[in-house]
Amino acid sequence: MNYFILTYVVYLLVSIALTIWVARVLFKNGRIFLVDIFHGNNELADSVNKLLVVGFYLVNIGYMSLALKESGNIASTQVVVEVLSYKGGWIILILGGMHFMNLIVFFKLRNRAKREKEFNINV
(Lines give C-alpha, C1' and ligand atoms only; values in the text may rest on other atoms or scores of the structure.)
Protein backbone atom coordinates (compact mmCIF):
# COMPACT_ATOMS: atom_id res chain seq x y z
CA MET A 1 0.00 0.00 0.00
CA ASN A 2 1.11 3.53 -0.75
CA TYR A 3 2.29 5.20 2.48
CA PHE A 4 0.74 8.51 1.40
CA ILE A 5 -2.72 6.94 1.13
CA LEU A 6 -2.27 5.21 4.49
CA THR A 7 -1.25 8.51 6.09
CA TYR A 8 -4.21 10.36 4.58
CA VAL A 9 -6.74 7.73 5.63
CA VAL A 10 -5.50 7.46 9.21
CA TYR A 11 -5.16 11.25 9.51
CA LEU A 12 -8.72 11.84 8.32
CA LEU A 13 -10.23 9.08 10.47
CA VAL A 14 -8.50 10.23 13.65
CA SER A 15 -9.08 13.94 12.99
CA ILE A 16 -12.75 13.53 12.17
CA ALA A 17 -13.30 11.25 15.17
CA LEU A 18 -11.61 13.77 17.49
CA THR A 19 -13.59 16.66 16.04
CA ILE A 20 -16.90 14.83 16.44
CA TRP A 21 -16.07 13.79 20.01
CA VAL A 22 -15.03 17.30 21.07
CA ALA A 23 -18.06 18.86 19.36
CA ARG A 24 -20.42 16.50 21.18
CA VAL A 25 -18.79 17.22 24.54
CA LEU A 26 -18.95 20.98 23.91
CA PHE A 27 -22.55 20.75 22.73
CA LYS A 28 -23.68 18.72 25.72
CA ASN A 29 -21.80 20.62 28.40
CA GLY A 30 -22.01 24.10 26.86
CA ARG A 31 -25.79 24.13 26.93
CA ILE A 32 -25.98 24.87 30.65
CA PHE A 33 -23.84 27.99 30.19
CA LEU A 34 -26.00 29.18 27.31
CA VAL A 35 -29.24 28.61 29.22
CA ASP A 36 -27.81 30.70 32.07
CA ILE A 37 -26.57 33.40 29.68
CA PHE A 38 -30.00 33.62 28.04
CA HIS A 39 -31.85 33.72 31.38
CA GLY A 40 -33.48 30.31 31.03
CA ASN A 41 -34.55 30.74 27.40
CA ASN A 42 -33.97 27.10 26.41
CA GLU A 43 -35.01 27.56 22.80
CA LEU A 44 -32.53 30.38 22.20
CA ALA A 45 -29.77 28.53 24.09
CA ASP A 46 -30.29 25.39 22.02
CA SER A 47 -30.32 27.37 18.79
CA VAL A 48 -27.08 29.20 19.61
CA ASN A 49 -25.51 25.93 20.79
CA LYS A 50 -26.28 24.29 17.44
CA LEU A 51 -24.87 27.25 15.54
CA LEU A 52 -21.68 27.11 17.61
CA VAL A 53 -21.27 23.42 16.80
CA VAL A 54 -21.75 24.08 13.07
CA GLY A 55 -19.07 26.77 13.19
CA PHE A 56 -16.81 24.45 15.15
CA TYR A 57 -17.18 21.74 12.50
CA LEU A 58 -16.61 24.17 9.64
CA VAL A 59 -13.39 25.58 11.11
CA ASN A 60 -11.96 22.18 12.01
CA ILE A 61 -12.91 20.40 8.79
CA GLY A 62 -11.55 23.37 6.85
CA TYR A 63 -8.24 23.13 8.67
CA MET A 64 -8.12 19.36 8.25
CA SER A 65 -8.63 19.76 4.52
CA LEU A 66 -5.88 22.37 4.24
CA ALA A 67 -3.47 20.30 6.33
CA LEU A 68 -4.12 17.05 4.47
CA LYS A 69 -1.51 17.53 1.77
CA GLU A 70 1.90 16.12 2.57
CA SER A 71 4.75 17.12 0.28
CA GLY A 72 7.59 15.33 2.06
CA ASN A 73 8.75 11.81 1.33
CA ILE A 74 6.83 9.09 3.20
CA ALA A 75 9.03 6.07 2.62
CA SER A 76 8.38 3.98 5.73
CA THR A 77 5.97 3.23 8.54
CA GLN A 78 8.15 5.31 10.85
CA VAL A 79 7.62 8.39 8.68
CA VAL A 80 3.86 7.66 8.57
CA VAL A 81 3.77 7.75 12.38
CA GLU A 82 5.87 10.93 12.51
CA VAL A 83 3.69 12.74 9.96
CA LEU A 84 0.52 11.60 11.72
CA SER A 85 1.92 12.73 15.06
CA TYR A 86 2.70 16.17 13.67
CA LYS A 87 -0.62 16.61 11.92
CA GLY A 88 -2.59 15.10 14.81
CA GLY A 89 -0.80 17.37 17.26
CA TRP A 90 -1.88 20.43 15.31
CA ILE A 91 -5.49 19.22 15.20
CA ILE A 92 -5.46 18.63 18.97
CA LEU A 93 -3.92 22.06 19.62
CA ILE A 94 -6.54 23.73 17.42
CA LEU A 95 -9.38 21.84 19.09
CA GLY A 96 -8.01 22.76 22.52
CA GLY A 97 -7.58 26.40 21.49
CA MET A 98 -11.13 26.56 20.18
CA HIS A 99 -12.36 24.95 23.39
CA PHE A 100 -10.67 27.58 25.55
CA MET A 101 -11.87 30.34 23.23
CA ASN A 102 -15.45 29.07 23.65
CA LEU A 103 -15.01 28.97 27.44
CA ILE A 104 -13.74 32.54 27.51
CA VAL A 105 -16.68 33.72 25.41
CA PHE A 106 -19.17 31.76 27.56
CA PHE A 107 -17.79 33.16 30.81
CA LYS A 108 -17.76 36.73 29.48
CA LEU A 109 -21.33 36.38 28.26
CA ARG A 110 -22.35 34.77 31.54
CA ASN A 111 -20.77 37.59 33.59
CA ARG A 112 -22.51 40.18 31.45
CA ALA A 113 -25.84 38.38 31.83
CA LYS A 114 -25.37 38.27 35.62
CA ARG A 115 -24.60 42.01 35.72
CA GLU A 116 -27.69 42.76 33.63
CA LYS A 117 -29.81 40.56 35.87
CA GLU A 118 -28.50 42.29 39.02
CA PHE A 119 -29.07 45.69 37.43
CA ASN A 120 -32.67 44.78 36.58
CA ILE A 121 -33.29 43.52 40.14
CA ASN A 122 -31.89 46.74 41.67
CA VAL A 123 -33.90 49.04 39.41
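The values are calculated or read from the model by the stated rules, or taken from the named source; none is laboratory data. Predicted, not measured: the structure shown is a model, and the values here were computed from it. For neighbour counting, all protein chains shown are included, and Cβ atoms are generated from backbone atoms with ideal geometry for every residue, glycine included. SASA here: full protein model, heavy atoms, side chains in, ligands and nucleic acids out. Shrake-Rupley method; radii C 1.70, N 1.55, O 1.52, S 1.80 Å.
Numbers below:
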quantity	calculated
The range 6-22 versus the range 86-123: alpha-carbon centroid distance in Å	26 Å
Cα-based equivalent ellipsoid of the range 36-102: semi-axis lengths in Å, sorted from largest, via gyration tensor	37, 11, 7
When the convex hull of its Cα atoms is projected in every direction, mean area for the chain (nm²)	8.2 nm²
Cα lying deepest toward the dipole's positive end in the chain, options Leu84, Leu66, Ala45, charges on Cβ	Ala45
Solvent-accessible surface ranking, highest first, for Ser76, Ser85 at 1.4 angstrom	Ser85, Ser76
Mean Kyte hydropathy of 1.0 or more with a Cα span along the axis of at least 24 Å, helices from DSSP in the chain	3-37
